[in-house]
1. Tell me yes or no: at least one residue of the stretch 114-136 is modelled with pLDDT under 90 and acidic (D, E).
2. Give the residues of the stretch 222-266 that are within 21 Å of F91 (Cα to Cα), touching a strand residue (DSSP E or B) at 6+ places or on another chain (Cβ under 7 Å) and buried (at least 19 other Cβ atoms within 10 Å of the Cβ), sorted by residue number.
3. Do you know which residues across the stretch 114-136 are in a loop (DSSP other than H, G, I, E, B), without any contact (Cβ under 8 Å) to a residue 12 or more places away in the chain and out of contact with any helix residue (DSSP H, G or I) (no Cβ under 6 Å at 6 or more places or on another chain)?
4. Of the residues L57, L103, L93, which single one is in contact with a Ser or Thr (Cβ under 9 Å, 6 or more places away or on another chain), surrounded by 18 or more Cβ atoms within 10 Å (Cβ to Cβ) and not in a helix (DSSP H, G or I)?
5. Just checking, does the stretch 32-53 include any residue being under 23 Å from N145 (Cβ atoms) and part of a helix (DSSP H, G or I)?
6. Please go through the stretch 137-147 and pick out each residue that is touching a helix residue (DSSP H, G or I) at 6+ places or on another chain (Cβ under 9 Å) and either farther than 15 Å from F9 by Cβ or in a helix (DSSP H, G or I) (or both).
7. Taking the stated definitions as given, is L40 hydrophobic (A, V, I, L, M, F, W, C) and modelled with pLDDT under 90?
8. Within the bounds of the stretch 27-45, is there any residue that is within 14 Å of E64 (Cα to Cα), surrounded by fewer than 18 Cβ atoms within 10 Å (Cβ to Cβ) and more than 20 Å from the chain's Cα centre (by Cα)?
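The values are calculated or read from the model by the stated rules, or taken from the named source; none is laboratory data. On a predicted model such as this, the values are computed, not experimentally measured, just so you know. Counting neighbours? That spans all protein chains shown, and the Cβs are built from the backbone with ideal geometry, glycine included.
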Amino acid sequence: MPLVVMCGFPCSGKSHRALELKEHLEQKGRNVYIVEDHVLGVDRNSVYTDSRKEKDLRGALRAEVERKLNKDDVVILDSLNYIKGYRYELFCLIKHAQTPHCLIHCLTSPDISSSWNQDRLQDDQYTQAVFDALVQRFEAPDSRNRWDSPLFTIQKDDVLPLDQISNAIFHRKAPPPNQSTQTQPLSSANFLHELDKVTQEVVTAILSAQKTSVPGDVIMVPGATEKVQLPRILNMSELRRLRQQFISYTKLHPNENISQLANMFVQYLNQSIR
């Protein structure tokens, strides 16, 4: 059954909207689970000032969502979900699970969200420094991206379009699986070696090509028929991080067609570096 991804600034009304949707769906006879930071006992200010802790939190939330997804229940992920690369990972997850999803963006101004934050109990507040940093890092969803669609943008005084959301998650076909999301048996003994080798070759080719490239160019890489779209110059640390993310996901969902690894990595890069 479907996944509903909440998205927005800190203290933008995501939890309130998630509960509102949960109550509506339960009245319709649906089982609904909300996966949220609180369930994991998260200290917001500690997590969001430490990139390693934040990465671990996102991994834990994704794993909990994956455990909850099944043919009977609706899962609502109530967290910031402010990184487009993470929303793409969730999209890959629902493609693998063969279930629809939608995104609800709670759109508020930073001033309103900051005011709501200050109205919280002291232990539940974000510090102003953490709040400001999260607002600055926020990557707004775009309905033109498959992983951000269908998108419902809700402002603070809007009525939640419950019927439209229900239609989106219950009456749409699940996105078709592709080679990067279908689980395949690890039939090749040298799969991990090839995965490491191919992705490193792609990264090396991009770094080399960028020496004579400008934003807007396309880059040919070894072993791939698809080209890397280059909207901006990428540094080594960013490419290394994207490579590691791709390797981590592919280890969990290995593909027996090793010849497609380069194309899969190029697709992942093109969807992550816009």
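1. Within the stretch 114-136, one or more residues are modelled with pLDDT under 90 and acidic (D, E).
2. V228, V266, listed by residue number.
3. Within the stretch 114-136, D119, L121 qualify.
4. L103
5. No, there is no match, as no residue in the stretch 32-53 is under 23 Å from N145 (Cβ atoms) and part of a helix (DSSP H, G or I).
6. D142, N145, R146, W147, listed by residue number.
7. Answer is yes for this residue.
8. Among the residues of the stretch 27-45, at least one is within 14 Å of E64 (Cα to Cα), surrounded by fewer than 18 Cβ atoms within 10 Å (Cβ to Cβ) and more than 20 Å from the chain's Cα centre (by Cα), which makes the answer yes.
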